[in-house]
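Please read the structure below before turning to the comments.
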Amino acid sequence: MFDVGVNLTSKKFLKDREKVVQRARAVGVTGMVIISCTLSDSRQAIMLAKEGENYFWCTVGVHPNYANTWSQKVGVDMRPLIYEPCVVAIGECGLDFHRSFATKKKQIDAFQAQIELAVELSVPLFLHCRNAHKCLMSILKPWLPHLPSVFLHCFTGTQVELEVYIEHGIFIGVTGWICDVYRGRDLRQLISLIPSDLLLIETDAPWLLPMGMDLAPPSKRNEPCFLPHIIQTVAILRGDDMIELSKKITLNAHKLFHLI
Ligand SMILES: [Zn+2]
């Protein structure tokens, strides 16, 4: 099984990162994508990814919540990083009108520039979208035929939004959000609508600790070793066999990020 979204550069993993990875390996996580939110984060993600060839891959990009850090110079500095063999996507990039840490204009500018870079260098896009579906799709749509693949991470949207992503062949990431019977109610109802070819599962660790685990850590910190719990929840809700589902999402991760 493959974790397509781990914030391994987070300070929350500073003290025991190696143990976190060991625990993930021990439960059968066969690879992970380290996600980045800023330029300095991207540099650190590359350094970490290089420590585990064929186990770690990473993204390079500026998250919409950090869109204030975006500038043309950042775009220029980002470019050579994308050529590193461990880099598999540009992101997290996109729009977040829920938090709005940066103005819409700033977010749109950063997003647009990163799409253009992904198109030019033919790299998959790793998207973050919160309360911004329509605006995101209106910017993204014209570029879709020119992008190798697109991944929407941590999907928590509506059925209509989901149908638009599916129609455009966008890969959908599901996190431990689905394990929350209250907040994840809508997602639990929609999970069966996601075609198995487009489904991916991610922990988004250290965030989004899945609910309902027998041995939840007192720290509330999420870890990639909790991926099986999320896969099991998804398998039950979809009526899938857990082992088959694990194999399928690993295959999808390989296809999405062109790992083979
Ligand atoms: Zn995100």
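How would LEU215, LEU245 line up from fewest to most surrounding beta-carbon atoms within 10 angstrom?
LEU215, LEU245
I want the local charge near HIS146. Using Cβ-Cβ distances under 12 Å, sum +1 for each Lys or Arg and -1 for each Asp or Glu among the other residues.
Net charge around HIS146: -1.
Reachable lysines from LYS247, Cα under 20 Å, same-chain residues fewer than 8 places away excluded?
List returned: LYS255.
Rounded if a/c is under 1.5, else prolate if a/b is larger than b/c, else oblate: which is region 162-260, with a ≥ b ≥ c the root eigenvalues of its Cα gyration tensor?
prolate
What trypsin sites (Lys or Arg not before Pro) does region 51-145 have in DSSP loop regions with at most 12 other beta carbons within 10 Å?
Hits after loop and neighbour filter: ARG99.
Across the Cα atoms of the chain, what radius of gyration and what greatest pairwise Cα-Cα distance (Dmax) are found, in Å?
My reading of the Cα-based Rg and Dmax gives 16.9, 49 Å.
Express the relative contact order of the chain as a whole percentage, based on alpha carbon pairs under 8 Å and six or more residues apart in sequence.
Relative contact order for the chain comes out at 19 percent.
Quick check on my link table: of LYS50/LYS134; LYS19/LYS220; LYS12/LYS50; LYS11/LYS248; LYS15/LYS50; LYS105/LYS141, which ones sit more than 26 Å apart, alpha carbon to alpha carbon?
LYS50/LYS134; LYS11/LYS248
Straight-line reach from LYS106: which aspartates and glutamates fall under 18 Å, measuring Cα to Cα and dropping same-chain residues less than 8 apart?
Candidates past the 8-residue exclusion: GLU92, ASP96, GLU116.
Quick one: Karplus J couplings for region 18-25, per residue in order, coefficients 6.51, -1.76, 1.60, θ = phi - 60°, nearest Hz, x for Gly and Pro?
Karplus values, whole Hz, x for Gly and Pro: 5, 5, 4, 5, 4, 5, 5, 4.
Sort out the exposed loop chymotrypsin sites (Phe, Trp or Tyr not before Pro) in the chain (DSSP loop, at most 12 other Cβ within 10 Å) and tell me the longest stretch that has none.
By the stated rule (loop sites, at most 12 other Cβ atoms within 10 Å), 84-181.
Kindly identify region 205-259 as rounded, prolate or oblate by the Cα gyration tensor criterion: order the square roots of the eigenvalues as a ≥ b ≥ c, call it rounded if a/c is under 1.5, otherwise compare a/b with b/c, prolate if a/b is larger, else oblate.
In terms of gyration-tensor shape, oblate.
Laboratory data are not the source of any read-out in this text; all were calculated from the coordinates shown. For clarity, every value in this text was computed on a predicted model and none was experimentally measured. Cβ: placed from backbone, ideal geometry, glycine included. Neighbour counts: every protein chain shown.
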